[in-house]
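The values are calculated or read from the model by the stated rules, or taken from the named source; none is laboratory data. These numbers were taken from a predicted model, which means no experiment stands behind them. Note that each Cβ is placed from the backbone with ideal geometry, even for glycine, and that neighbours are counted across all protein chains shown. Note: areas computed on protein heavy atoms with side chains; ligands, DNA, RNA excluded. Shrake-Rupley method; radii C 1.70, N 1.55, O 1.52, S 1.80 Å.
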Amino acid sequence: MLPTRRSLLTAFLALPTLPVAGRAAAQFLPPTPACGDEHDLTLARTAGPFYKPEAPLRHELAGDAPNGERITLAGYVLDARCRPVADSLVEIWHADETGAYDNDGFRLRGHQMTDERGRWWFATVVPALYPGRTRHYHFRVRRPGAAILTTQLFFPNEPENDRDRLYAPELLLDIRPTADGKFGRFDFVV
Ligand SMILES: [Fe+2]
């Protein structure tokens, strides 16, 4: 039987203090760190036309799109030496289950600060495709004192990935199916 999104989030939050970074985090503790030098910094991507400042502070966005497929996204913010960074900004914005962005209000937009162990998570929905793009989330990430990283995260096994010039395999979420949707993991290295 598949785990629930909640049980995977609980397992993630119960990890021992030192994470081992993982874009390859199919298991939560891959054998080798995925970061370690500047080549491993998370790739930047354009913000696109739908960014809107002053998104609210919150973890729970799924209520904005009751018909969407539920997904919980989670990970660490790490520095280039794989150290988790507390009080880092993590901001998300994305299309809804019809492929539309809310440009009037703040549906499916939010931000948070990583906890004392450098962790972030959002409960939201899987975005639909919109013309010209593969499936993606937009993020902005900033550790204290550093410049903002603007990037996008992608889903594995999407037919449109290879036709989207912003796609990169390094920006793939690690997606696991759950009994009530999906769980996606990504560690930002900034
Ligand atoms: Fe977009």
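Annotations for the structure displayed:
- Where E91 falls short, out of the listed (1) touching a residue at least 40 places away in the same chain (Cβ under 8 Å); (2) of a type in the set (D, E, K, R); (3) open to solvent by less than 20 Å² (accessible area, probe 1.4 Å); (4) in a loop (DSSP other than H, G, I, E, B): (4)
- Residue count for the range 109-129 satisfying the condition of being of a type outside the set (V, I, T) and open to solvent by less than 10 Å² (accessible area, probe 1.4 Å): 8.
- In the range 130-176, residue nearest to the ligand (Cβ to nearest atom) [restricted to those that are buried (at least 18 other Cβ atoms within 10 Å of the Cβ) and among the aromatic types (F, W, Y)]: Y137
- Checked against (1) open to solvent by 70 Å² or more (accessible area, probe 1.4 Å); (2) part of a loop (DSSP other than H, G, I, E, B); (3) modelled with pLDDT of 85 or more, Y51 meets all criteria but (1).
- Among the conditions (1) touching a residue at least 60 places away in the same chain (Cβ under 8 Å); (2) open to solvent by 20 Å² or more (accessible area, probe 1.4 Å), the only one that A62 does not satisfy is (2).
- Residue count for the range 94-108 under the criterion of being loosely packed, with under 15 Cβ neighbours inside 10 Å and either on the phi > 0 side of the Ramachandran plot or in contact (Cβ under 8 Å) with a residue 12 or more places away in the chain (or both): the result is 3.
- Number of the exception - P127 against (1) closer than 25 Å to A147 by Cβ; (2) within 14 Å of the ligand (Cβ to nearest atom): (1)
- Taking every residue in the range 118-138 that is charged (D, E, K, R) and pairing it with any residue that is in a strand (DSSP E or B) and open to solvent by less than 20 Å² (accessible area, probe 1.4 Å), at least 6 positions away or on another chain, the pairs with Cβ-Cβ distances below 6 Å are R119/Y76.
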